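Every read-out reported here was derived from the displayed coordinates using simple, explicitly stated rules and does not represent laboratory data. On a predicted model such as this, the values are computed, not experimentally measured, just so you know. So basically every Cβ, Gly included, is an ideal-geometry build from the backbone, and we count neighbours across all protein chains shown.
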Amino acid sequence: MVLKIYQKYLIKEFTLIISKITFIFLILGLIMGLLEEINFFSDFDVEYFYPIYLVFLNVPSLIYEIFPFIFLLSSQFLFLKLIDSGELNTFKNSGLNNLKILKLVTSLSLIIGLFIVIVFYNLSAIMKFEYLDIKKNFTKDNKYLATITENGLWIKDEINDQINFINAKKFTVNTLNDVDIIQLNKNFEFQNNIKADSVNIQENDWGLYNVKIIDKNNNIETINTMNFFSNFNYEEINNLFSNLASLTIWNLFELKKNYTSVNYSTTEIDYHLQRIIAYPFLITIITALSAILMLNLNVQKPKIFFIVIGILLSVIIYYINFFFGTMGKNEKIPLLVSIWTPIITLSIITLIGIIRIDEK
């Protein structure tokens, strides 16, 4: 496919504006992140490059979250430039209507959006994972670990110089099933093996039911119920798996498989995956809405007015997505409805706007 001169020009201008605005937000993110990391490491004796390195690891995931806003501003600044320079009228006099310009800009947004999801998101997730992995070594939670594998939920928990390795085959709301607890002393010497059919983990003081205790001499004691204190409860365990931004797309599918194996809810993962799938379309719709807004400029209103309106529009879109997303994650409405309803609604509004600008 051979691009025409005007197409090459618009593509160059749009990508250049996107790059400039992204760079500005990148610098702001680096500055704010550096201040935060310096404050975090103020109590630690670390090399000077540590905060800088961590900021560079974390900032791509921040940029990923604000890309829709970046595209909104980029679309506005592109059309402001075309209007101020008179190039928009020149295009029209050459037989190029608003619809063709909008089609080119939105198509480019979709292509870039796909690139962001396929390449940029996965790279930012890898860097985010490295960021969290390094950061946890400087927090008190380092000795309290939890993970889900195909063999169930695994927890490492340290209390009063005693190390507990906990494995549960099934993990549901407030409950662990088929639980095996290995207790070691601080020298990693075996103390006890506690087996329980079910465990209530709503609070830190767990309730164990149908318990069998095997000590280091292989003596077995069977009791109906017992209490077991842990640094974890259901909410804390659930929060450990909430930072899905540090997982690549293939890691998310693997994690979903592991969640299913322990009967743990995959709602959060499904929601995150649907957001990733919808991301290029969201960027495209926001770009189109911004362009339609700018193509409705008239001499009676200052251009800054439409930029402010655009920013307000992005805030409204954010909160609409947040509202529907919360409803979906809480399973009040189906996940597909929570993700795609705002996008479909915006698409309808955009189509109405496209009809109007095509008449100009």
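Site pair Glu331 and Val46 shows an inter-label distance of 3.8 nm when each label is modelled 7 Å from Cα along Cα→Cβ. Checking every one of the trypsin sites (Lys or Arg not before Pro) in region 154-220 against DSSP loop status and a limit of 16 other Cβ atoms within 10 Å picks out Lys186, Lys216.
Which value at 222 nm does the chain reach when only helices count, each DSSP H run of 4 or more adding -39,500 (n - 2.57), with the total divided by all residues and rounded to the nearest 500 deg cm²/dmol? -20500 deg cm²/dmol, from helical runs alone. Values (i) 22.8; (ii) 24.1; (iii) 21.4 are given for comparison; Kirkwood radius over Cα pairs in Å, derived from the coordinates here, is the one labelled (ii). Rounded, prolate or oblate for region 57-158? Axes are the square roots of the Cα gyration tensor eigenvalues, ordered a ≥ b ≥ c, and the cut-off for rounded is a/c under 1.5. Prolate is the answer for region 57-158, as a/c is 1.5 or above and a/b outweighs b/c. In order along region 6-15, the phi-based Karplus estimate (6.51 cos²θ - 1.76 cosθ + 1.60, θ = phi - 60°) of 3J(HN,Hα) comes to 5, 5, 4, 5, 5, 5, 4, 5, 5, 5 Hz; Gly and Pro are listed as x. Sparse packing (at most 15 other Cβ atoms within 10 Å of the Cβ) combined with a DSSP loop state is found for the following GluC sites (Glu not before Pro) in region 202-298: Glu203. The residues neighbouring Asn174, those whose beta-carbon lies less than 14 Å from its own, together hold a net charge of -3 under the Lys/Arg +1, Asp/Glu -1 convention. Note on the chain: with a GNM built from Cα contacts shorter than 10 Å, the maximum mean-square fluctuation among Asp43, Asp180, Asp270 falls on Asp43. Check which residues have an amide H placed less than 5 Å from Asn263's amide H, if you skip close sequence neighbours. Distant-sequence amide H within range of Asn263: Phe171.
Over region 172-211, Cα pairs under 8 Å with separation of 6+ residues give a relative contact order of 37 percent. Hey, how many Å between the Cα centroid of region 241-272 and the Cα centroid of region 152-199? Centre-to-centre distance over Cα atoms comes out at 23 Å. Against the chain, whose longest principal axis comes from its Cα atoms, helix 267-295 is set at around 20 degrees. Counting charges near Leu104 (Lys, Arg +1; Asp, Glu -1) among other residues having Cβ under 12 Å from its Cβ returns a value of +4.
Helix 98-115 axis versus longest C-alpha principal axis of the chain: approximately 20°, rounded to the nearest ten. Averaging over all projection directions, the Cα-based convex hull of region 145-231 occupies 5.5 nm² in the image plane. Between the helical axis of 303-329 and the longest alpha-carbon principal axis of the chain there is an angle of about 30 degrees. Charged neighbours of Ile194, selected by a Cβ distance under 9 Å, balance to +1 (K, R count +1; D, E count -1). With the gyration tensor restricted to C-alpha atoms of region 11-125, the semi-axes of the equivalent ellipsoid amount to 39, 15, 8 Å, longest first.
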